[in-house]
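Notes follow the structure.
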Amino acid sequence: MEESGIVGFTALFCSQAVFAQMLGLEEITEDVVRGWAETKTILTAKIGRRRVINLHRIRRDLERGKSIFCQGDYDDE
């Protein structure tokens, strides 16, 4: 997953590096995404030894009208 960098539109999870690339902004690096994950601003899941971004949940939240992601949004997850 992480080595190829290829993620389809229906992927359930992706690496932090791929998520940063998907956002397409120079200011958002893998380190920024890692910070969001550590502060529970975005939801992650642990698969094996890797911590990945839960794209499925982010898409669902966006479809339900969520437009702002704040620190601690996923503290209870």
Would you pull out the residues with amide H under 5 Å of Ile42's amide H, same chain only if 5 or more places away, H placed 1.01 Å from N? Ala37
Can you compute 3J(HN,Hα) from phi for each residue in the range 10-25, using the Karplus curve 6.51 cos²θ - 1.76 cosθ + 1.60 with θ = phi - 60°, rounded to whole Hz and x for Gly and Pro? 9, 4, 7, 9, 8, 6, 5, 5, 5, 4, 4, 5, 4, 6, x, 10
With only Lys, Arg, Asp and Glu charged, each at its Cβ (+1 for the first two, -1 for the last two), find how big the charge dipole of the chain is about the Cα centre; round to the nearest 20 debye. 340
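Figure the gain on full extension for Asp31 and Ala45 (residue separation times 0.36 nm, minus the Cα-Cα span) and round it to one decimal in nm. Intermediate values should be presented prior to the final figure.
Details: separation 14, 0.36 × 14 = 5.04 nm, distance 1.73 nm.
Value of the extension gain: 3.3 nm.
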Once Cα Rg over 2.2 N^0.38 Å is worked out from the coordinates, which option in (i) 1.04; (ii) 1.10; (iii) 1.14 does it equal? (i)
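No lab work stands behind these numbers, since they all come straight from the coordinates. Since we're looking at a predicted model, the values are computed, not measured. Here Cβ is always computed from backbone atoms with ideal geometry, including for glycine, and neighbour counts include all displayed protein chains.
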